[in-house]
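Trainee: Dumping the structure here so I can ask a few things about it.
Bear in mind these aren't lab numbers, they're just calculated from the coordinates by the rules spelled out. Every value quoted in this text rests on a predicted model; they were computed, and no experiment measured them. Cβ placement follows ideal geometry from the backbone for every residue including glycine, while neighbour counts extend to all protein chains displayed.
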Amino acid sequence: MSKAYFDKRLERIKQKLGILYARPDFQSDVLVFRKKWNIPQAGIKTEDDNHDWIIWLNEETNKYVDQYLPEHRKQAQELLNQNKLIERDDLNKAFNNKVPRNAFRLQILGFLKKYKIPSQWEEITRRYLLFNKEIEPHIPLNSVTLQENWDFDIGSWQLSLLLSADSTLEDIKAIWPFVKEEQAKLYDYDHKKFQPIPNLEIDKRAYELKLQKLTHAEIAKKITLEFNLPIYTYKEVSDSLRKHKKRLRIV
């Protein structure tokens with residue numbers, strides 16, 4: 001991304017978040033969030049405090065799992081025995097959502113939805129809630145995110161672009177060089193762009209007729225008539241067969 005684009009984008013985000021952080025309703029929700037999650041009201045300020053908070057969250061997570069997992073497994077097995085698979089999946093989802101480590105993130109996602117914050121700003125929002133920090137230079141700021149997902153069925157990466165409500169064509173163009181780099185790693189990548197093939201149907205028909213044991217002269221005559229051509233020569237039959245066999249990877 002060019003420096004001019006980055007500076008413009010950064011200024012736009014600073015203004016948008018500055019207005020959000022100044023809202024009384026937002027600040028009220030921030031204080032409630034921090035109280036619930038054992039975070040100082042002014043945010044975590046030191047690495048030691050951050051380390052202690054992570055230990056606290058892990059301990060809360062472990063306590064929850066130790067207390068509720070046995071009963072959850074029992075209920076899930078009962079539903080499985082009754083072949084109530086949808087109900088079992090719902091039960092599993094509800095349990096996982098209540099695990100403190102997961103519930104913490106879900107509440108952050110609730111902030112995104114309530115205050116219409118782009119999903120790409122989840123990490124910015126998380127750091128603000130934890131540390132009271134606003135925009136930092138290393139945080140990704142583009143409103144278009146390149147997402148890579150592993151397709152287990154085909155055994156390869158799949159790419160997609162995630163857009164925000166405020167994404168612009170300029171944002172897409174800014175990230176496009178990175179998209180091209182990742183495209184080149186895909187299993188079906190071909191450095192040659194596929195272009196429309198002139199006379200493909202004629203070449204294909206010539207090959208079909210050749211498989212029917214017609215001579216070149218017979219093929220030329222039939223294609224001239226079928227495609228209403230002024231003339232289709234013996235040499236053109238040879239060219240069509242050669243090109244189509246190459247497309248089909250036939251030696």
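Trainee: Cross-link partners among lysines for Lys221, C-alpha distance below 27 Å, same-chain residues fewer than 8 apart left out?
Mentor: Lys204, Lys210, Lys213, Lys235, Lys243, Lys245, Lys246
Trainee: Also: Pull up the cross-link candidates among the aspartates and glutamates for Lys185, meaning alpha carbon to alpha carbon under 17 Å and not fewer than 8 places away within one chain.
Mentor: In chain and number order, the partners are Glu148, Asp151.
Trainee: Here is a follow-up. Only Cα pairs within less than 10 Å get springs; with that Gaussian network setup on the chain, which residue of Val99, Val237, Val65 has the largest fluctuation?
Mentor: Val237
Trainee: Only one of the values (i) 7, 26, 27, 20, 15, 5, 0; (ii) 7, 25, 31, 20, 11, 4, 2, 1, 0, 0; (iii) 6, 18, 18, 18, 13, 9, 10, 7, 2 was calculated from this structure for P(r) over Cα pairs in 10 Å bins from 0, in percent; name its label.
Mentor: (iii)
Trainee: Specify the residue with the greatest mean-square fluctuation among Leu186, Leu159, Leu79, computed from a Gaussian network of the chain linking alpha-carbon atoms under 10 Å apart.
Mentor: Leu79
Trainee: Lys/Arg Cβ at +1, Asp/Glu Cβ at -1, dipole of the chain taken about the Cα centre: which of Val99, Pro40, Ala206 is farthest positive-ward?
Mentor: Ala206
Trainee: Now a separate question. Rounding to the nearest 10 and keeping the result within 0 to 90°, find how far the Cα-based axis of helix 200-211 lies from the longest principal axis of the chain.
Mentor: 60 degrees
Trainee: Positive end of the charge dipole of the chain (Lys, Arg +1 and Asp, Glu -1 on Cβ, about the Cα centre): tell me which of Ile13, Leu169, Leu85 has its Cα farthest that way.
Mentor: After comparing all options, I get Leu169.
Trainee: So what is the 222 nm mean residue ellipticity for the chain from helices alone, if each DSSP H run of at least 4 adds -39500 (n - 2.57) and you divide by all residues, rounding to the nearest 500 deg cm²/dmol?
Mentor: -21000 deg cm²/dmol
Trainee: Lysines within cross-link reach of Lys116: Cα-Cα under 25 Å, excluding same-chain residues under 8 positions apart?
Mentor: Lys8, Lys14, Lys16, Lys35, Lys36, Lys93, Lys98, Lys133, Lys173
Trainee: Further question: To one decimal place, what orientation-averaged projected area in nm² is obtained for the convex hull of the Cα set of the range 56-145? Don't jump to the answer; show the numbers that get you there.
Mentor: Values: hull surface 31.7 nm².
Computed as one quarter of the Cα hull surface, the answer is 7.9 nm².
Trainee: Treating the beta-carbon of each Lys and Arg as +1 and of each Asp and Glu as -1, no other charges, what is the dipole magnitude of the range 45-90 about its Cα centre, to the nearest 20 debye?
Mentor: Result for the range 45-90 is approximately 380 debye, rounded to the nearest 20.
Trainee: Given the options Ser238, Ser164, Ser156, which has the most mean-square fluctuation in a GNM of the chain, springs set between C-alpha atoms less than 10 angstrom apart?
Mentor: Highest fluctuation of the listed residues: Ser238.
Trainee: Can you give me the angle between helix 234-247 and the longest principal axis of the chain, using Cα atoms only, in degrees from 0 to 90, rounded to the nearest 10?
Mentor: 20 degrees
Trainee: If I take every Cα pair under 8 Å that is 6 or more residues apart in the chain, average their sequence separation and divide by the length, what percent do I get for the relative contact order?
Mentor: Result for the chain is 13 percent.
Trainee: Additional query: Can you compute the FRET efficiency between Asn50 and Arg105 using 1/(1 + (r/R0)^6), with r the Cβ-Cβ distance and R0 = 25 Å? Round to the nearest 0.05.
Mentor: So, using R0 = 25 Å, E works out to roughly 0.90.
Trainee: Treating the Cα atoms of the range 94-133 as identical point scatterers in vacuum, please give the log10 of the normalised Debye intensity I(q)/I(0) at q = 0.19, 0.25, 0.35 Å⁻¹, two decimals.
Mentor: Evaluating at q = 0.19, 0.25, 0.35 Å⁻¹ gives log10 I(q)/I(0) of -0.54, -0.83, -1.10.
Trainee: Oh, and also: Between the helical axis of 122-131 and the dominant principal axis of the chain, each derived from Cα atoms, what acute angle in degrees is found, rounded to the nearest 10?
Mentor: Between the helix axis and the principal axis of the chain, the angle is about 20 degrees.
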